[in-house]
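*Asks:* Attaching a single structure in structure tokens format; questions to follow.
Quick note: the coordinates plus some simple rules give every number you see, no bench work behind them. What you are looking at is a predicted structure, and each value in this text was computed from that prediction instead of being measured. Ideal geometry is used to build each Cβ from the backbone, glycine not excepted, and the neighbour counts take in all protein chains shown.
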Amino acid sequence: MNILLLGPPGAGKGTIAQVLVETGNYGLLSTGHMLRQAIADKTELGLKAQAIMDSGKLVSDEIMLGLVAQFLADNVAASGIVFDGFPRTLVQAKAMQERPIKVDKVIFLRVADEVIVARMAGRRVHPDSGRVYHLVNNPPVTPNIDDITGEPLITRADDKEEVVRERLRVYREQTEPLVEFYRTLAAHGDMVFQEVDAALAVEKVIAAITSN
């Protein structure tokens, strides 16, 4: 089953994706992690994307679709894919249908902007794997240290308040229309659409998702 996580930046998509991957034979498609890895490796794609990501903007549909196509080709053995951070625009969503890339379930993580701004100040990330922690809601065993590798965690540049607010503005403009797009598809029986209150504690959000 292919599962698509939808919601604003800071809604907890990365954390939920980790749980889903750990409890089943899923491949994790995280375009944010793929882009950050490209930046760390200083690839041509990474150099183009760095300035865009740090300012809170979205990279082009062409770049994102290319990344996704390569990922799917490399993960044909997985029983399903968890899409974290893709699609982010209607153009990308429609391109998925045309490929076709089947989506069986969409999970919409609903949360208010002010909750997100406060939440993201405590977020920490393991740069190599993309694992996401939170100082309050999902802390590592050792403060600021990745549970698995023992390597330092970082605060991403795009988690700063001014960048977060710009990312939320872009989300409302470009990505939020996907909520109604997928809700409509679900109403026609093309997939399952589940809406979850992502302002709840992480364990309650996960319980709501896994019980359906």
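*Asks:* Can you list the residues of region 161-188 with backbone N under 20 Å from a point 7 Å past the Cα of residue 52, pointing along Cα to Cβ?
*Replies:* 163-178
*Asks:* Counting DSSP beta bridges with both partners in the chain, what percentage is antiparallel, nearest 5?
*Replies:* 25 percent
*Asks:* With a 10 Å Cβ neighbour count serving as the proxy for reagent exposure, in which order, fewest first, do 39, 3, 52 appear? Could the numbers behind the result be given before it?
*Replies:* Details: 39 19, 3 24, 52 14.
If I rank by nearby Cβ atoms, fewest first, I get 52, 39, 3.
*Asks:* What spacing in nm lies between the two simple spin-label points modelled at residue 61 and residue 19, each 7 Å away from Cα in the Cβ direction?
*Replies:* With each label point 7 Å from Cα toward Cβ, the separation is 3.3 nm.
*Asks:* To make sure I understand, if each residue's beta carbon is the centre and we count other beta carbons within 10 Å, what order do 145, 116 fall in, fewest to most?
*Replies:* 145, 116
*Asks:* Please report the relative contact order for the chain, taking Cα pairs under 8 Å with a sequence separation of at least 6, and give it as a percent rounded to a whole number.
*Replies:* Once divided by the residue count of the chain, the mean separation gives 31 percent.
*Asks:* In addition: If you take every DSSP beta bridge fully contained in region 88-212, what fraction is antiparallel? Give it as a percent rounded to 5.
*Replies:* Details: 6 of 12 bridges.
Expressed as a percentage, antiparallel bridges in region 88-212 total about 50.
*Asks:* What span do the alpha-carbon atoms of the chain cover on each of the three principal axes, reported in whole Å from largest to smallest?
*Replies:* Answer, in whole Å and largest first: 46, 41, 36 Å.
*Asks:* Do the sum for the chain: with -39,500 (n - 2.57) for every DSSP H run of n ≥ 4, divided by all residues, what is the mean residue ellipticity at 222 nm, to the nearest 500 deg cm²/dmol?
*Replies:* The per-residue figure over the chain is -13000 deg cm²/dmol.
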